[in-house]
Amino acid sequence: MKERKTRLIHNLQDHISYLSELGAEFIATPDSTPGPSASSGLDLSALEALIRRCEKCPLYQTRTQAVPGEGSAQAGLMFIGEGPGHDEDAQGRPFVGRAGQLLTKIINAMDFRREDVYITNVVKCRPPQNRNPNGQEIEACAPYLQQQLDLIRPRVIVSLGNVPTHFLLGTRSGITVMRGTFQKHAGIPVMPTFHPSYLVRNEQNRELKRMVWEDMKQVMELLGRK
Ligand code: URA
């Protein structure tokens, strides 16, 4: 009993120091929710600023800029990729390279503007040579994505490729198997689909594009836009 209590106190202390690191000035209780965040009192732009200064994992040493994410704090739709690439690292904005241009086209075809949705990644700093982020990097960055989800509370998430799909859904199944069927992360519907870079790399493959569009049609339907 005493051991459990001590563990609980330690967990609580860790949680409080994490929140204070995020800039929290209060901890909301169920009947006191003064800020946009029920969990920390931090708003989305403050969280983005915090991410830009992050040094929680070694990726900060090789990045040019961290890429927190961008879009509407009221977005009903959130796109989650893997991590920034070369262009994103240079500009500090998500999905601005070739894959990003394709993602923008997809978003527009769904009758949204980029600024209507929220676009982010599992890790906020570019892994060198665009390698996949490793488990420690993902773990260090995960609280940021969780905070973004808590603040934005999107109605639907589109997870782009294996990395966010594995992270959000706790599965090891490949994207080819997972795509096209809604799953849930913390009660939020998640539509896994192919990563736009995969489409760019297989430009001639019209079937891949068709499959992504089928997935996006399901998302639009869920949002009542079809
Ligand atoms: N690929 C990603 O997964 N994220 C970006 O922001 C850009 C390319």
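The values are calculated or read from the model by the stated rules, or taken from the named source; none is laboratory data. Computed from a predicted structure; not experimentally measured. All Cβ positions, even for glycine, are placed from backbone atoms using ideal geometry, and neighbour counts span all protein chains on display.
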Count of residues meeting criterion [touching a strand residue (DSSP E or B) at 6+ places or on another chain (Cβ under 9 Å) and either more than 25 Å from K105 (Cα to Cα) or of a type in the set (F, W, Y) (or both)] in segment 174-197:
4
Hand me the list of helices (runs of 4 or more DSSP H) wholly inside segment 42-96 holding 2 or more residues that are among the polar types (S, T, N, Q) and more than 13 Å from the ligand (Cβ to nearest atom).
59-62
Could you run through segment 133-176 and say how many residues are within 14 Å of the chain's Cα centre (by Cα) and either β-branched (V, I, T) or on the phi > 0 side of the Ramachandran plot (or both)?
9
Can you name every residue in segment 125-139 that is surrounded by fewer than 20 Cβ atoms within 10 Å (Cβ to Cβ) and either more than 13 Å from the ligand (Cβ to nearest atom) or modelled with pLDDT under 95 (or both)?
P128, Q129, N130, N134, G135, Q136, E139
